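Peer 1: Handing you a structure now.
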Ligand SMILES: [Zn+2]
């Protein structure tokens with residue numbers, strides 16, 4: 001179902017469909033499959049609603065901001081609230097610079113202090129049922145409401161830096177909405193561009209190496225096809241299955257587009273969609289490839305990689321080995337100073353990944369982990 005259709009009047013049907021999705025997700029999370037990484041559930045809920053701008057009973061304070069209307073719940077500490085207002089300005093400026101145009105109207109950004117007030121705000125502002133609002137508040141850190149062009153974020157879902165990156169993500173949705181004049185785009189493209197902007201935001205700390213590798217593995221293993229994440233309902237279903245790496249997957253898809261047509265080509269494609277052209281036809285003409293061959297390129301881009309975290313307080317590093325061999329035995333070697341050598345066999349998961357940790361049981365020093373013709377060298381010295 002397309003967004004154009006939603007905006008054209010089937011909003012009620014979609015709201016019901018989303019509610020079913022939410023119920024399904026809520027049930028799934030009871031079994032522990034609701035993905036949460038680093039104590040922070042990811043952005044963003046990108047939904048169609050009725051379009052009527054409403055108010056909320058949550059007390060909000062208007063903060064001075066040059067480029068946006070920023071309102072913050074009184075519960076958010078004052079110094080944090082002022083910092084966020086300032087960062088909204090910087091983010092709005094960065095988004096405008098990268099898109100080469102100003103926002104059509106001042107962005108409206110609402111910052112809620114807790115999951116409860118975020119749920120109440122979402123219910124008041126966007127007309128969600130209390131059940132849907134509760135689900136959204138526990139699952140997503142932010143909302144871009146397409147109907148009212150309002151960004152709402154949940155302060156309790158992340159710290160100051162993450163909040164800034166996340167607001168930049170949501171502001172990107174607003175800019176894309178401007179550029180496409182609200183016309184239909186595949187959701188993976190909308191989310192991919194927003195995630196790309198978020199990844200590039202100054203001080204962005206909202207992405208982990210493991211999510212990036214998992215995003216690539218989702219492509220390489222064929223777990224996700226772009227056509228499976230083209231509409232909002234399917235996207236949220238997939239998010240319930242794979243969690244945050246879905247956003248990394250979408251960002252990779254946009255990078256693959258950029259390799260063919262550049263950032264200016266991506267912007268021109270969005271503008272063409274705004275003028276009424278279809279995304280597929282526009283991209284095919286510009287890139288000389290179909291969305292299907294874009295997908296094939298994305299699938300083929302994965303080579304074996306090992307990424308290692310920094311050392312933690314216990315003297316351990318975490319490492320992720322990405323291979324092109326799902327559910328397969330994999331020989332791993334860890335070598336180090338003084339003839340240290342440890343070799344063992346593991347089994348990759350359904351995406352071809354294996355995750356391990358190393359350090360506290362060995363002398364602090366420099367080590368190299370080797371597997372699947374890839375290697376990474378790290379130090380366990382704190
Ligand atoms: Zn988003």
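Every number here is computed from the coordinates shown, using simple stated rules; none is lab data. Bear in mind that the values here come from a model prediction, so they are computed numbers and not experimental data. When we count neighbours, we look across all protein chains shown, and the Cβ atoms used for this are built from the backbone with ideal geometry, even at glycine.
Peer 1: Two-decimal Rg/Rh of the range 184-302 from alpha-carbon positions, Kirkwood Rh?
Peer 2: Here Rg/Rh amounts to 0.95.
Peer 1: Quick one: 254, 136, fewest Cβ neighbours within 10 Å first, how do they rank?
Peer 2: 254, 136
Peer 1: Hull surface divided by four, with the convex hull built on the Cα atoms of the range 158-248: how many nm²?
Peer 2: 5.9
Peer 1: So, one more: Hey, what did the range 305-380 get for relative contact order, percent, Cα under 8 Å, at least 6 apart?
Peer 2: 36
Peer 1: Quick check: residue separation of residue 368 and residue 86 times 0.36 nm, minus the Cα distance between them. What number comes out in nm?
Peer 2: Extending this stretch completely gives an extra 97.2 nm.
Peer 1: By counting other Cβ atoms within 10 Å of each Cβ, how are 188, 263, 155 ranked from fewest to most?
Peer 2: Going from sparsest to densest Cβ surroundings: 263, 155, 188.
Peer 1: Which of the peptides 305-314, 237-246 is most tightly packed, and how do the rest follow, going by the mean number of other Cβ atoms within 10 Å of each residue?
Peer 2: 237-246, 305-314
Peer 1: Separate question: So for 318, 382, 373, fewest C-beta neighbours within 10 Å to most, what's the order?
Peer 2: With the fewest neighbours first, 318, 382, 373 line up as 373, 382, 318.
Peer 1: Treating the Cα atoms of the range 305-380 as identical point scatterers in vacuum, please give the log10 of the normalised Debye intensity I(q)/I(0) at q = 0.18, 0.19 Å⁻¹, two decimals.
Peer 2: The calculated log intensity ratios at q = 0.18, 0.19 Å⁻¹ are -0.66, -0.73.
Peer 1: In whole percent, what relative contact order does the range 184-302 give with Cα contacts below 8 Å and a gap of six or more residues?
Peer 2: The normalised contact order for the range 184-302 reaches 34 percent.
Peer 1: Here is a follow-up. Just order 137-147, 70-80 by mean Cβ neighbour count inside 10 Å, highest at the front, would you?
Peer 2: Result, highest mean Cβ count within 10 Å first: 137-147, 70-80.
Peer 1: Follow-up question, since we're still on this one. Peptides 87-99, 265-277: what's the order by average Cβ count within 10 Å, highest mean first?
Peer 2: Top to bottom by mean Cβ count within 10 Å: 87-99, 265-277.
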